[in-house]
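The block underneath contains the structure these notes are about, expressed in structure tokens.
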Amino acid sequence: MDTRELALDPNYPAGPAVRDAVGLQIADFLAARGPELDAMEPRAGELLRQASVFGAGGKRLRPAFCLWGWVAATGDLRAAEPLVAAAASLDLLHLSALVHDDVMDESELRRGRPASHKQFEELHRAAGLAGDPELFGRAGAILLGDLLLMWSVQMLHTRGPAAQVLAPALPLLERMRTEVTVGQYLDVLAQATPLDDPATVAELLPLAERVLEFKTASYTVVRPLQFGAALGGAEESLLNALAEYALPLGRAFQLRDDLLGVFGDEQLTGKPAGDDLREGKRTALLAHALAGAAPADREELAAQIGRADLDLDLTRSLIVGSGAVERVESMITENAAAALEALSRAGLGEDAETGLTVLVDAAINRVH
């Protein structure tokens, strides 16, 4: 691959130029894996095919926050190829998490296509293989997720910055991997929380908030931003200032996701509306709805959660009636304001402050 330098634009911090540059890095890295897999066994190419298809999409927000962390630390709007590769490796890590997430949630779709486990399941049926297609599908997707995780590490270390540049930033990335995995476990734990016991329902909101912090806020905004800044030689004071901006923004990002999961347009989100509810996700939105609903409505809402035949119109009505939508929208506004206030105190250069300001809007005012 020829050396490429990405010119970052503060007015379009996650715009087409960033998305295209990240996409090119991922596509080029995955293409280089083809001969390796083919030499092992041509049928292993299905792993690469799916990785390439799913890796071609996404909002690229984690790479964008990484790149703008670099700008915050250096003031430099020129991102050399190793920096872009490091940022792009975060999206391979994210893709790993999505593939595993879909298995755990038994999701049908991802980015408008059948989820990985559904594709492996169909491959089993089409090839007339022996055994259970669903079990094969889950196994294939778990292994693809594992492979994507390993590839994210390989991409970072073979195409990213030199070892001496990378070393100070690695602890942040390692922390990020731990946090998202623990956050996912807490999500599974929350999903197993009974909704027919007032005592356990009362414990649901603080648990949902911890899931929000570790599975999304830190993983999506805080650590990518700090990782990029550390690659640029940031001192601890700057890393802390960036965290004060990033944590409330990450919360707002996930709260918007909660709303889109119930009320979003599936043609834009790539997943059926209400899937979070059918899967029994104990989101902050649901926790607020259960806390705010009248007793009879709470019982009716709880009875709908986790059902494949869920009445979406009824469930939406109960959530709106509880005041949860209004509360969550207010929380999004409050957290966005907190992020912007922290940004104004961070003492960043004009370009970095502009780019990170625009990213607030990109994170919370979205339709997918």
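The values are calculated or read from the model by the stated rules, or taken from the named source; none is laboratory data. Owing to the predicted nature of the structure, the values given are computational and were not obtained by experimental measurement. Here Cβ is always computed from backbone atoms with ideal geometry, including for glycine, and neighbour counts include all displayed protein chains.
Looking at the range 318-332, can you tell me whether even one residue there is surrounded by fewer than 14 Cβ atoms within 10 Å (Cβ to Cβ) and more than 25 Å from the chain's Cα centre (by Cα)?
Scanning the range 318-332 turns up no residue that is surrounded by fewer than 14 Cβ atoms within 10 Å (Cβ to Cβ) and more than 25 Å from the chain's Cα centre (by Cα).
Of all the residues that make up the range 96-143, how many are over 17 Å from the mean Cα position of the chain (by Cα) and at pLDDT 95 or above?
27
Considering only residues that are under 19 Å from the mean Cα position of the chain (by Cα) and within 18 Å of N335 (Cβ to Cβ), which ones fall in the range 179-213?
Passing the criteria: G183, A208, E209, R210, V211, L212, E213.
Which residues, taken from the range 154-171, are crowded, with 16+ Cβ neighbours inside 10 Å and in a loop (DSSP other than H, G, I, E, B)?
Within the range 154-171, G160, P161, A169 meet the criteria.
Considering E326, E300, which residue is without any contact (Cβ under 8 Å) to a residue 24 or more places away in the chain, among the acidic types (D, E), touching a Leu at 6+ places or on another chain (Cβ under 9 Å) and more than 19 Å from V360 (Cα to Cα)?
E300
Report yes if some residue within the range 31-46 is modelled with pLDDT of 95 or more, surrounded by fewer than 19 Cβ atoms within 10 Å (Cβ to Cβ) and either under 25 Å from G349 (Cα atoms) or within 23 Å of the chain's Cα centre (by Cα) (or both); otherwise report no.
For the range 31-46, residues modelled with pLDDT of 95 or more, surrounded by fewer than 19 Cβ atoms within 10 Å (Cβ to Cβ) and either under 25 Å from G349 (Cα atoms) or within 23 Å of the chain's Cα centre (by Cα) (or both): absent.
Limited to the range 186-215, what total is found for residues that are more than 16 Å from E279 (Cβ to Cβ) and assigned to a helix (DSSP H, G or I)?
14
Quick check on the range 95-145: of everything there that is aliphatic (A, V, I, L, M) and without any contact (Cβ under 8 Å) to a residue 12 or more places away in the chain, which residue is surrounded by the fewest Cβ atoms within 10 Å (Cβ to Cβ)?
A130
Would you pick out the residues in the range 49-74 that are buried (at least 20 other Cβ atoms within 10 Å of the Cβ) and of a type in the set (A, V, I, L, M, F, W, C)?
Of everything in the range 49-74, those that are buried (at least 20 other Cβ atoms within 10 Å of the Cβ) and of a type in the set (A, V, I, L, M, F, W, C) turn out to be A51, F54, L61, A64, F65, C66, L67, W68, W70, V71, A72, A73.
When you scan the range 172-188, do you find a residue that is more than 30 Å from R4 (Cβ to Cβ), in contact (Cβ under 8 Å) with a residue 40 or more places away in the chain and surrounded by fewer than 17 Cβ atoms within 10 Å (Cβ to Cβ), even just one?
Yes, because at least one residue in the range 172-188 is more than 30 Å from R4 (Cβ to Cβ), in contact (Cβ under 8 Å) with a residue 40 or more places away in the chain and surrounded by fewer than 17 Cβ atoms within 10 Å (Cβ to Cβ).
From R210, R251, R256, R223, grab the single residue that is touching a helix residue (DSSP H, G or I) at 6+ places or on another chain (Cβ under 6 Å) and surrounded by fewer than 18 Cβ atoms within 10 Å (Cβ to Cβ).
One residue alone meets the criteria, R210.
For R278, only one of the following conditions fails: (1) closer than 23 Å to K59 by Cβ; (2) of a type outside the set (S, T, Y); (3) at pLDDT 90 or above. What is its number?
Condition (1) is where R278 drops out.
Among the residues of the range 214-268, count how many are within 18 Å of the chain's Cα centre (by Cα) and either of a type in the set (V, I, T) or under 16 Å from A86 (Cα atoms) (or both).
Counting residues in the range 214-268 that are within 18 Å of the chain's Cα centre (by Cα) and either of a type in the set (V, I, T) or under 16 Å from A86 (Cα atoms) (or both) gives 12.
What residue, of I319, I332, is more than 24 Å from A192 (Cα to Cα) and in a helix (DSSP H, G or I)?
So the residue among I319, I332 that is more than 24 Å from A192 (Cα to Cα) and in a helix (DSSP H, G or I) is I332.
So, of the residues in the range 347-366 that are among the hydrophobic types (A, V, I, L, M, F, W, C) and over 16 Å from F253 (Cβ atoms), which turns out to be surrounded by the most Cβ atoms within 10 Å (Cβ to Cβ)?
In this case the residue turns out to be A352.
For the range 1-34, what are the residues that are assigned to a helix (DSSP H, G or I), touching a helix residue (DSSP H, G or I) at 6+ places or on another chain (Cβ under 8 Å) and among the charged types (D, E, K, R)?
R33
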